[in-house]
Amino acid sequence: MIKNSLVKALNEQVNAEFYSAYLYFAMSAYANGAAYKGIANWLAVQAQEETAHAVHIYQHILERGASPSFSDIKAPEGSYTGIKDVFEKTLAHEKLVSGLIDRIATLALEEKDHATYNFISWYVKEQIEEEASAAEILSKINLSGGHPGILYSLDSELGSRTYSNPFGAQD
Ligand code: OFO
């Protein structure tokens, strides 16, 4: 039987994942308005992945025989000073999420809940990739020195990202 403390933490994580989706959609809308269509695409795919994470965690709560609970999803910041600002905030947000995931992993170990520990371990690994990809894009933006041609190439590169459900279910 899953402990209430873990149900609470997982419910909070569902909310945090939906917030992440909101945040990346807000950033995508900003990038779209700033004519960075490829970056807008990358961020929209990121938002879809975050939604898939929320659903996946919600399903785990149900599968463990517990009740999901729902609270308000915070509105994301909608204004940015440029794409560097967007990716600085993306990296900072992913670091924050890594901390939330680590907290659940620690709690699962303390509660000797190996099922939740095994479940959340996927996210521990995922967060390494999430931080690395945000850091890589940010360093490319920094290296560009604001050169329009380099930023155009980066925008084209990020425009090729496509969404596929990370859990192999229907998109
Ligand atoms: Fe849910 O992976 Fe980013 O935050």
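Please enumerate the residues belonging to the stretch 1-16 that are open to solvent by 40 Å² or more (accessible area, probe 1.4 Å) and not in a loop (DSSP other than H, G, I, E, B).
Within the stretch 1-16, Asn4, Ser5, Lys8, Glu12 qualify.
If you go through the stretch 107-123, how many residues are of a type outside the set (Val, Ile, Thr), touching a residue at least 24 places away in the same chain (Cβ under 8 Å) and either in a helix (DSSP H, G or I) or closer than 14 Å to Ile61 by Cα (or both)?
Within the stretch 107-123, residues that are of a type outside the set (Val, Ile, Thr), touching a residue at least 24 places away in the same chain (Cβ under 8 Å) and either in a helix (DSSP H, G or I) or closer than 14 Å to Ile61 by Cα (or both) number 6.
Output the number of residues of the stretch 143-162 satisfying the condition of being under 15 Å from Gln46 (Cα atoms) and in a loop (DSSP other than H, G, I, E, B).
Number satisfying all stated conditions: 4.
Please state which one of Tyr30, Tyr19 is crowded, with 21+ Cβ neighbours inside 10 Å, closer than 15 Å to Thr90 by Cα and among the aromatic types (Phe, Trp, Tyr).
Checking each option against the conditions leaves just Tyr30.
Does Ile104 satisfy the condition of being surrounded by 13 or more Cβ atoms within 10 Å (Cβ to Cβ) and part of a helix (DSSP H, G or I)?
yes
Return the pair list, or none, for Cβ contacts closer than 6 Å from residues in the stretch 32-47 that are over 14 Å from Thr81 (Cα atoms) and of a type in the set (S, T, N, Q) to residues that are open to solvent by 10 Å² or more (accessible area, probe 1.4 Å) and assigned to a loop (DSSP other than H, G, I, E, B), at least 6 apart or on different chains.
The qualifying pairs are Asn41/Gly159.
Examine the stretch 124-134 for a residue that is more than 12 Å from the ligand (Cβ to nearest atom), under 30 Å from Ser156 (Cβ atoms) and assigned to a helix (DSSP H, G or I), and state whether such a residue exists.
Looking for residues that are more than 12 Å from the ligand (Cβ to nearest atom), under 30 Å from Ser156 (Cβ atoms) and assigned to a helix (DSSP H, G or I), one finds none in the stretch 124-134, hence no.
Residue check: is Ser79 open to solvent by 40 Å² or more (accessible area, probe 1.4 Å), at pLDDT below 95, away from the ligand (no atom under 12 Å from the Cβ) and not β-branched (Val, Ile, Thr)?
yes
What is the one condition in (1) closer than 17 Å to Ile101 by Cα; (2) within 16 Å of the ligand (Cβ to nearest atom); (3) surrounded by fewer than 18 Cβ atoms within 10 Å (Cβ to Cβ) that Ile73 does not satisfy?
Result: Ile73 passes all but (1).
What residue, among those in the stretch 101-123 that are among the aromatic types (Phe, Trp, Tyr) and within 16 Å of the ligand (Cβ to nearest atom), is nearest to the chain's Cα centre (by Cα)? Let's see the steps before the verdict.
Within the stretch 101-123, the first condition is being among the aromatic types (Phe, Trp, Tyr), and the residues that meet it are 117, 119, 122-123.
Now narrow it down to the ones that are within 16 Å of the ligand (Cβ to nearest atom): 119, 122-123.
Values: Phe119: 17, Trp122: 13, Tyr123: 10 Å.
The qualifying residue nearest to the chain's Cα centre (by Cα) is Tyr123.
In the set Ala66, Ala52, which member is away from the ligand (no atom under 16 Å from the Cβ), among the hydrophobic types (A, V, I, L, M, F, W, C) and surrounded by fewer than 20 Cβ atoms within 10 Å (Cβ to Cβ)? Before the answer, list the steps.
On the way: Ala52 fails: away from the ligand (no atom under 16 Å from the Cβ).
Unique residue meeting the criteria: Ala66.
Confirm whether Leu62 is closer than 20 Å to Thr116 by Cβ and without any contact (Cβ under 8 Å) to a residue 40 or more places away in the chain. Quick ask: steps written out before the conclusion?
Working: closer than 20 Å to Thr116 by Cβ: yes; without any contact (Cβ under 8 Å) to a residue 40 or more places away in the chain: yes.
Here the answer is yes, as Leu62 does meet what is asked.
When you look at His93, is it within 12 Å of the ligand (Cβ to nearest atom), assigned to a helix (DSSP H, G or I) and out of contact with any Ser or Thr (no Cβ under 9 Å at 6 or more places or on another chain), yes or no? Don't jump to the end; show me each part of the working.
Working: within 12 Å of the ligand (Cβ to nearest atom): yes; assigned to a helix (DSSP H, G or I): yes; out of contact with any Ser or Thr (no Cβ under 9 Å at 6 or more places or on another chain): no.
So His93 fails the test.
The values are calculated or read from the model by the stated rules, or taken from the named source; none is laboratory data. All values derive from a computational prediction rather than experimental measurement. Methodologically, a virtual Cβ is constructed for each residue, glycine included, from the backbone with ideal geometry; neighbour enumeration extends over all protein chains shown. Ligands, DNA and RNA are excluded from the accessible area calculation, which covers all protein heavy atoms including side chains. Shrake-Rupley method; radii C 1.70, N 1.55, O 1.52, S 1.80 Å.
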